[in-house]
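Undergrad: Pasting a structure below so you can have a look.
Just so it is clear, none of the values below were taken in a lab; they were calculated from the coordinates. Keep in mind it's a predicted model, so treat the numbers as computed, not measured. In this analysis, Cβ positions are derived from the backbone assuming ideal geometry, glycine residues included, and neighbour counts consider all displayed protein chains.
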Amino acid sequence: MSLSKELRDEGSNSARVCALSDGVFAIVLTFLIFRLDIGKLSDAGSDREIMNAIREQAAPLLGYILSFFIIGGFWMTHQRVFRHLSKFNRELYWLNLQFLFFLSILPLTTSIHAGNHELRVGWWLYAGNVTVAGLGLLALWLRASRDSLLDGSVDSVVQTFYIWRLATIPLVFLISILVSFSSVIVAQWVPLTVPLVSWAVHRFFAARVDTNVVYLDIAA
């Protein structure tokens with residue numbers, strides 16, 4: 001192997017990249033639970049104390065639930081993207097690291113928002129974090145498409161499907177930031193539309209595929 005080829009940081013084995021990514025996902029999901037004060041729930045001496053503790057933990061608990069499923073959505077789309085990559089280059093490595101960076105600070109912005117759930121800036125930091133992370137994953141897919149790093153089974157319909165699918169979460173959270181200028185409370189309900197938008201994208205593209213193989217890939 002020539003030195004020039006070695007310095008291009010290209011390859012076809014994604015095992016280490018996926019292992020690092022899955023490790024970051026696992027750590028981030030674990031850190032989310034630390035925002036909850038488990039001691040108040042486990043050391044209650046009466047039913048009333050349990051209910052009071054639950055009410056006190058309502059905002060952190062809701063923040064945990066929302067972030068858990070958003071990160072879970074990122075994980076699912078991330079593994080789908082990597083399933084279609086046939087090789088890698090330096091740009092893809094860096095884009096993946098940038099995505100993992102913004103993913104890794106989600107526990108921090110989740111805590112800021114959950115502790116200040118009535119403040120607009122808290123929501124901006126959290127929703128902005130989710131938006132940038134989602135755009136990072138979208139950029140990874142666009143770069144892979146542009147550099148012809150996808151396997152031969154990905155046709156133009158599937159490429160476009162993934163663009164819209166990967167854009168769903170950042171788009172919804174970007175809209176929630178705009179809504180927060182009127183009402184930060186209403187803005188926090190906007191992310192609940194993510195499953196509906198994702199379902200609509202799936203249905204739209206599933207009707208336009210040519211083979212059952214591609215249909216199963218989109219519908220998975």
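Undergrad: Per residue of the stretch 103-108, what does 6.51 cos²θ - 1.76 cosθ + 1.60 with θ = phi - 60° give for ³J(HN,Hα)? Whole Hz please, x for Gly and Pro, Karplus curve as stated.
TA: Along the stretch 103-108, the couplings run 5, 5, 8, 4, x, 5 Hz.
Undergrad: Note down the Stokes-Einstein diffusion coefficient of the stretch 109-178 in µm²/s, whole number, using a Kirkwood radius over alpha carbon pairs, 10 °C, and 1.306 mPa s. Mind showing how you got there, number by number?
TA: Numbers: Rh = 13.4 Å.
In µm²/s, the coefficient rounds to 118.
Undergrad: Now a separate question. When ranked by the protection proxy of mean other Cβ atoms within 10 Å per residue, highest first, what sequence do the peptides 107-114, 154-161 form? Kindly include the intermediate steps, with their values, before the conclusion.
TA: On the way: 107-114: 21.6, 154-161: 15.5.
Taking the mean over residues of other Cβ atoms within 10 Å, the ranking is 107-114, 154-161.
Undergrad: Name the long-range amide H neighbours of Leu150: under 5 Å, sequence gap of 5 or more, or other chain; modelled H, no Pro or chain starts.
TA: Ser86
Undergrad: Moving to a separate point now. Can you compute the FRET efficiency between Met51 and Ser156 using 1/(1 + (r/R0)^6), with r the Cβ-Cβ distance and R0 = 45 Å? Round to the nearest 0.05. Intermediate results must be reported in sequence, preceding the final value.
TA: Details: r = 55 Å, r/R0 = 1.23.
The value I calculate is 0.25.
Undergrad: Expressed as a whole number of Å, what is the distance separating the alpha-carbon centroids of the stretch 117-176 and the stretch 17-31?
TA: Measuring centre to centre over Cα atoms gives 18 Å.
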